[in-house]
Ligand code: E4P
């Protein structure tokens, strides 16, 4: 499973990247706003840091302008993936850009039918939003399962990029189902290391190290 980091914060990306935890990065207009940086400038910095795909989202809602914005974003670096919303115009932009050989991430996916359309339009990644479905009492994980089934039935190569991840359980469940990629905030990825028995066990070992004066160096 690939790990993408869902942030535009350079320091947070760098910390995880140094540990080999970053296979790519996803950004969106809300994350760019949060960073307080210029979209082109911060996206270039991320692309210089990370070898894998970096998703940068268009701002237009009509296909023609989305394509023009996508082409401008693609000039930033070779590892840019153009992110477009799952609308009819977004699908048109996806088809044009993917036919031109570019990577496209179709975002704001909330149904398996939408995911099917994105795959047929040549999407490299489909981004189903788990957390936002859970927020309205629907089942985000069920959507990941449905898309996995549909894509496997017809051997679509579009990768399932489980997005809007809010908890470590979302990551584990995505891995169990076989999502190709998760994108999660740095804090959620870092929280995967936590286990109370690890902390308890380490405390006991530290007490014994002190009591027996065990030294290695
Ligand atoms: C990723 O591509 C999405 O933009 C992101 O995961 C959305 O997450 P949110 O629902 O927590 O804003």
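Here are the numbers for this structure:
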read-out	value
Residues being without any contact (Cβ under 8 Å) to a residue 40 or more places away in the chain and out of contact with any helix residue (DSSP H, G or I) (no Cβ under 6 Å at 6 or more places or on another chain) - total across region 65-90	13
Output for region 137-147, where each listed residue is more than 18 Å from residue 107 (Cβ to Cβ) and away from the ligand (no atom under 15 Å from the Cβ)	137, 139, 142, 145
Region 103-115, subset out of contact with any helix residue (DSSP H, G or I) (no Cβ under 6 Å at 6 or more places or on another chain) and touching a residue at least 12 places away in the same chain (Cβ under 8 Å), residue nearest to residue 72 (Cα to Cα)	103
Among (1) crowded, with 23+ Cβ neighbours inside 10 Å; (2) within 16 Å of the ligand (Cβ to nearest atom) - the single one residue 97 does not satisfy	(2)
Test set (1) in contact with a strand residue (DSSP E or B) (Cβ under 9 Å, 6 or more places away or on another chain); (2) within 15 Å of the ligand (Cβ to nearest atom) - residue 134 fails condition number	(1)
Any hit, region 193-214, residues being touching a strand residue (DSSP E or B) at 6+ places or on another chain (Cβ under 8 Å) and away from the ligand (no atom under 12 Å from the Cβ)	no
Qualifying residue in region 138-154 (condition: under 15 Å from the mean Cα position of the chain (by Cα), buried (at least 19 other Cβ atoms within 10 Å of the Cβ) and within 19 Å of residue 27 (Cβ to Cβ))	no
Output for region 163-217, where each listed residue is closer than 18 Å to residue 9 by Cβ, surrounded by 11 or more Cβ atoms within 10 Å (Cβ to Cβ) and without any contact (Cβ under 8 Å) to a residue 40 or more places away in the chain	164, 166, 188, 191
Filter result for residue 44 (over 16 Å from residue 105 (Cα atoms) and within 14 Å of the ligand (Cβ to nearest atom))	no
Hits in region 48-65 (condition: away from the ligand (no atom under 16 Å from the Cβ) and buried (at least 19 other Cβ atoms within 10 Å of the Cβ))	63
Residue satisfying all of: in region 3-41; free of Cβ contacts under 8 Å to residues at least 24 places away in the same chain, assigned to a helix (DSSP H, G or I) and more than 13 Å from the ligand (Cβ to nearest atom); nearest to residue 186 (Cα to Cα) among these	11
Helices (runs of 4 or more DSSP H) wholly inside region 116-217 that include at least 1 residues being modelled with pLDDT of 95 or more, within 23 Å of residue 56 (Cα to Cα) and in contact with a helix residue (DSSP H, G or I) (Cβ under 8 Å, 6 or more places away or on another chain)	130-135, 140-154, 168-177, 186-191
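The values are calculated or read from the model by the stated rules, or taken from the named source; none is laboratory data. What you are looking at is a predicted structure, and each value in this text was computed from that prediction instead of being measured. Glycine gets a Cβ as well: all are built from the backbone with ideal geometry, and neighbour counts include every protein chain shown.
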